[in-house]
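Enquirer: Sending over a structure as structure tokens; questions will come in a sec.
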Amino acid sequence: MLRMSVAAEEYLMIGEDIKLVFLGGTGRHMRIMIDAPKDVNIVRSSVLERQITDPEEQAKLPKYYRQEEHPEKYNRKPGVIITRGNPGKHQI
């Protein structure tokens with residue numbers, strides 16, 4: 001499984017013919033656009049869960065949970081600030 005952070009309007013390619021575009025979102029909702037061939041079956045997890053009535057089969061479905069914060073090792077460390085020009089002189 002791959003986990004990553006993406007910015008709005010970034011996209012992922014799956015193979016050569018499936019494109020997932022992340023359009024942004026608010027709160028707990030993310031908007032995505034899926035560009036895929038018509039023969040690719042795309043189904044929401046909530047629909048799959050409603051269709052399966054056997055509790056044993058439902059238990060086999062994968063569950064994913066949101067992680068509130070990234071582990072410390074993934075946080076960016078403060079870097080060097082690069083400026084242009086002579087930092088000793090200011091123009092007014």
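Just so it is clear, none of the values below were taken in a lab; they were calculated from the coordinates. All figures in this text were calculated on a predicted structure; none of them were measured in a lab. Because the Cβ atoms are built from the backbone with ideal geometry, glycine has one as well, and the counts that use them run over all protein chains shown.
Enquirer: Lys60 versus Ser45, label points 7 Å from Cα toward the beta carbon: distance in nm?
Expert: Taking the simple label geometry, Lys60 and Ser45 are separated by 1.8 nm.
Enquirer: Please find the FRET efficiency linking Ile52 to Leu2, where r is the Cβ-Cβ separation and R0 is fixed at 35 Å, and quote it to the nearest 0.05.
Expert: 0.85
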